[in-house]
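One structure below.
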Amino acid sequence: MIEEKTGKVIKGLGGLYTTRVTKNGTKEYLLCRAKGALHREDEKVLIGDEVRITVDTETPDGIVISEILPRKNALIRPPMANLDYIFITFAAAKPAPVLETVDKLVAIANHNGITPVIIITKSDIAPDAAEEYRAIYTLSGITAFVTSSERGCGVAELSEYIKRNVRDGKTAAFAGASGVGKSTLMNALFPGFTLATAEISRKIQRGRHTTRHVELFELEESGTTGFLADTPGFSLIDFARFDFMSLDELLPAFPDLSAYTGRCRYADCAHVGEGEDECAVFRAVREGRIAESRLDSYRAIYKVLKEKKKYD
Ligand SMILES: Nc1nc2c(ncn2[C@@H]2O[C@H](COP(=O)(O)OP(=O)(O)OP(=O)(O)O)[C@@H](O)[C@H]2O)c(=O)[nH]1
Ligand SMILES: [Mg+2]
Ligand SMILES: [Zn+2]
């Protein structure tokens, strides 16, 4: 007998995907392989994908993902599909953040229609720096939380935000460099989870990257279901390499800057010059209406994308 089902991919390890299938209020988890074509790099199944599953009860290994349903969005890093929120996580110190990387992630989120949320961790080590970073992102119009999993600070506020927003089938993911404390924070938010963190992995002598795969966890506290993923941290070198948008798409992905479109002296101003009289964005930075680091990040990314365009 052959049966067709649809479900959501919540985990994938060694070519075996765990899918969550609900029907008439009951749910089941099916362990599936992917059909041949879905192993190709450009058509790979991602965590968060909605998929069609064919169950052939006659054959062993007869549960197969036969089709990926249309995606809202898909990211290379973290490798996930259908995200509604991305919790861009960095530490106030240890490791010190690279704001250009943070802003690149924010731009990627905006470009893909994903709501970026900033999570600053380890505020116990550098409380003043944590508040300075929070101010930058609040000024940029992005929701930002300062947390310390060590002290339990900011955890209740973030938990409240998650309960209010990550519900009704919505999907969110923690993303950020390795070692910033994503898994530790998820454990603090949801004491029922027991994700491996660097403290634990040190004992079992693993390398630097503690979380090895993306996994979606179900949140039921709001009375509906939301999904929240822990993801492996990237190294900054990894992250610098990958392509993510074209030069023309960059400014719209910085809404705090693009709000000034049309106010510069020259209609084609790219906001990369130093002239206060010419560039309204530059002026806004001088007057404290745009965070300087945001313009710095924009310019750095602009330069890279422009160089690339030349050689395309
Ligand atoms: N002082 C302090 N240390 C923290 C805090 N949160 C996490 N850490 C420490 O930071 C280290 C890394 O934490 P993890 O949660 O494993 O980091 P991660 O972001 O999940 O790292 P990957 O899984 O490699 O991406 C551990 O030694 C934690 O104990 C915090 O709020 N304060
Ligand atoms: Mg982790
Ligand atoms: Zn300008």
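The values are calculated or read from the model by the stated rules, or taken from the named source; none is laboratory data. Since this is a predicted model, take the numbers as computed values, not measurements. For neighbour counting, all protein chains shown are included, and Cβ atoms are generated from backbone atoms with ideal geometry for every residue, glycine included.
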- [ ] Could you grab me the full set of residues in segment 152-204 that are modelled with pLDDT of 90 or more, in contact with a Ser or Thr (Cβ under 9 Å, 6 or more places away or on another chain) and acidic (Asp, Glu)?
- [x] GLU157, ASP168
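Which residues, counting only those in segment 90-131, are of a type in the set (S, T, N, Q) and within 23 Å of VAL166 (Cβ to Cβ)? Spell out the reasoning first.
Residues of segment 90-131 that are of a type in the set (S, T, N, Q), as a first pass: 101, 110, 112, 115, 121, 123.
Passing the criteria: ASN110, ASN112, THR115, THR121, SER123.
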- [ ] Please state which of the following conditions LYS94 fails to meet, knowing it meets all the rest: (1) exposed (fewer than 15 other Cβ atoms within 10 Å of the Cβ); (2) basic (Lys, Arg); (3) not in a loop (DSSP other than H, G, I, E, B).
- [x] (3)
